[in-house]
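Read through the structure below, which is laid out as structure tokens, and then see the notes.
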Amino acid sequence: MRIFARSPFIIDIDGTGGTTTTLELYIWNGTGAAPTTPTYSISKNVASASLPMTYYNISPYIQEFISHLETNYVSGDGYVSVPNNEWCNVEAQLYVDRDNIENRLYRAFDGYGYYGEGTNPQLSSIMMSQNTTYYYHKDIYTYLPGGITISTPPSSTAIFGIIYYDADTTNVIWSDSGGLASDSVVNVPPSFSDIEGYKNTYIEIDMESQGSTYLYFKQIEECKYEPVVVDFINKFGAWQRMFLFKASYNSIETTQDEFNYLQSDLVDYDVLEGQRRQFNTNGKETIKANSGWVAEDFKVQIQELVLSERILVNNKPAKTRTKSLDLVKHVNQKMINYTLEFEFNYDTINSVI
């Protein structure tokens, strides 16, 4: 079972017959053993015999163990393990009056569910929404199309199959059956070297007992503009790449404080001295970019981007300045282009202390 810690994850303990309940959390990164002592121990009193249920939201405790510094896309054939800091394991031990009644094991990511998906949503093991993903065709090694993060189940009997099709979904370009290890979190490339020449690629990912997931990657040949590369943590808590293909504009905003300057000579001062001086001058750089013409389902990716708390723009830390967007439908607007503005998350003049 998976936890997406940007949304509340509720564990309920039935305290019938007891006076207190306790939840012990063991949280650790990677595939090693759980810690020997609880990371957190939380207790609550049972309200009454007729109201024995107690509830614990464990998401805030989990988020402390997850961070995203840089992307980890595959730059060639094969798969790569996702860094341990980008996900964690959680073992929850449930007690009533210090009697252990149940243990539960989870894998946690910095993702979220929407309100309509209800409490503790179980999102797909294929950690990417099934919308059209566009990428730059000029050089897939300089401009990697991103990656597909997959969280494989602990069962050794689970079998993954990955099939790459060309545009008509009938011609198999490349396939791999059972190539992913169980109980792991890996990044899979959407394009291998031997399928570079295909402009439209459908990827079918099959997992035994969980059905198939289909992802569509479309290459764009942009001749005039240099695309803006945006990496962000998506709804599932995984890195995802977006290209904004059309015109982009860089700008800078400056801030400063000032004070009235005491003239060197009140009777015969030099007019070049000025009456005010500035200090603490610095700048914030921004970039505005356009997606180019996209399909209607691109709004899924746009929504996840503006909701993201971790963004890199051209491999620089940034945040979205765009706070409101129309998620366009083709029935209302035949040609769809999104304009996004980002602010880089640092001062132009180094002010790190």
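The values are calculated or read from the model by the stated rules, or taken from the named source; none is laboratory data. Computed from a predicted structure; not experimentally measured. Glycine also receives a Cβ, built like all others from the backbone with ideal geometry; neighbour counts cover every protein chain displayed.
Report, by residue number, each residue of the stretch 155-181 that is in a loop (DSSP other than H, G, I, E, B) and either in contact with a strand residue (DSSP E or B) (Cβ under 8 Å, 6 or more places away or on another chain) or at pLDDT 75 or above (or both).
Selection gives 158, 159, 166, 167, 169, 171, 178, 179, 180.
Just one of the numbered conditions (1) outside the structural domain of residue 217 (by TED's automatic domain parsing); (2) buried (at least 16 other Cβ atoms within 10 Å of the Cβ) is not true of residue 55; which one?
The single condition residue 55 does not satisfy is (2).
Select, from 349, 311, 287, the only residue that is over 17 Å from residue 230 (Cα atoms), touching a strand residue (DSSP E or B) at 6+ places or on another chain (Cβ under 8 Å), assigned by TED's automatic domain parsing to the domain that holds residue 242 and modelled with pLDDT of 95 or more. Break it down into steps so the answer makes sense when it comes.
Working: 311 fails: over 17 Å from residue 230 (Cα atoms); 287 fails: over 17 Å from residue 230 (Cα atoms).
So the residue among 349, 311, 287 that is over 17 Å from residue 230 (Cα atoms), touching a strand residue (DSSP E or B) at 6+ places or on another chain (Cβ under 8 Å), assigned by TED's automatic domain parsing to the domain that holds residue 242 and modelled with pLDDT of 95 or more is 349.
I'd like to verify a number: residues in the stretch 30-51 that are under 18 Å from residue 88 (Cβ atoms), surrounded by fewer than 16 Cβ atoms within 10 Å (Cβ to Cβ) and either touching a residue at least 40 places away in the same chain (Cβ under 8 Å) or of a type in the set (Lys, Arg) (or both), how many?
Selection size over the stretch 30-51: 3.
Cβ-Cβ below 6 Å, separation at least six or inter-chain, first residue in the stretch 305-332 and part of a loop (DSSP other than H, G, I, E, B), second among the β-branched types (Val, Ile, Thr): which pairs?
Pairs that qualify, where the first residue is part of a loop (DSSP other than H, G, I, E, B) and the partner is among the β-branched types (Val, Ile, Thr), are 308/233; 310/233; 314/229; 328/336.
For residue 110, only one of the following conditions fails: (1) surrounded by fewer than 16 Cβ atoms within 10 Å (Cβ to Cβ); (2) at pLDDT 90 or above; (3) charged (D, E, K, R). What is its number?
Going through (1) surrounded by fewer than 16 Cβ atoms within 10 Å (Cβ to Cβ); (2) at pLDDT 90 or above; (3) charged (D, E, K, R) one by one, residue 110 breaks only (1).
Pick from 263, 278: which is surrounded by 10 or more Cβ atoms within 10 Å (Cβ to Cβ) and assigned to a loop (DSSP other than H, G, I, E, B)?
263
Among (1) crowded, with 17+ Cβ neighbours inside 10 Å; (2) at pLDDT below 75; (3) in contact with a His (Cβ under 9 Å, 6 or more places away or on another chain), where does residue 219 come up short?
(2)
Kindly indicate the residue of the stretch 332-353 that is hydroxyl-bearing (Ser, Thr, Tyr) and within 15 Å of residue 317 (Cβ to Cβ) and also surrounded by the fewest Cβ atoms within 10 Å (Cβ to Cβ) among those meeting that condition.
If we take residues in the stretch 332-353 being hydroxyl-bearing (Ser, Thr, Tyr) and within 15 Å of residue 317 (Cβ to Cβ), then 351 is surrounded by the fewest Cβ atoms within 10 Å (Cβ to Cβ).
Taking the condition of being part of a loop (DSSP other than H, G, I, E, B) and closer than 13 Å to residue 297 by Cα, how many residues in the stretch 129-138 meet it?
Summing the residues that are part of a loop (DSSP other than H, G, I, E, B) and closer than 13 Å to residue 297 by Cα in the stretch 129-138 gives 3.
For the stretch 133-142, does any single residue satisfy the condition of being modelled with pLDDT of 85 or more and surrounded by 14 or more Cβ atoms within 10 Å (Cβ to Cβ)?
Scanning the stretch 133-142, I find at least one residue that is modelled with pLDDT of 85 or more and surrounded by 14 or more Cβ atoms within 10 Å (Cβ to Cβ), so the answer is yes.
Do we find a residue being closer than 24 Å to residue 235 by Cβ, surrounded by fewer than 20 Cβ atoms within 10 Å (Cβ to Cβ) and touching an Asp or Glu at 6+ places or on another chain (Cβ under 6 Å) anywhere in the stretch 86-98?
no
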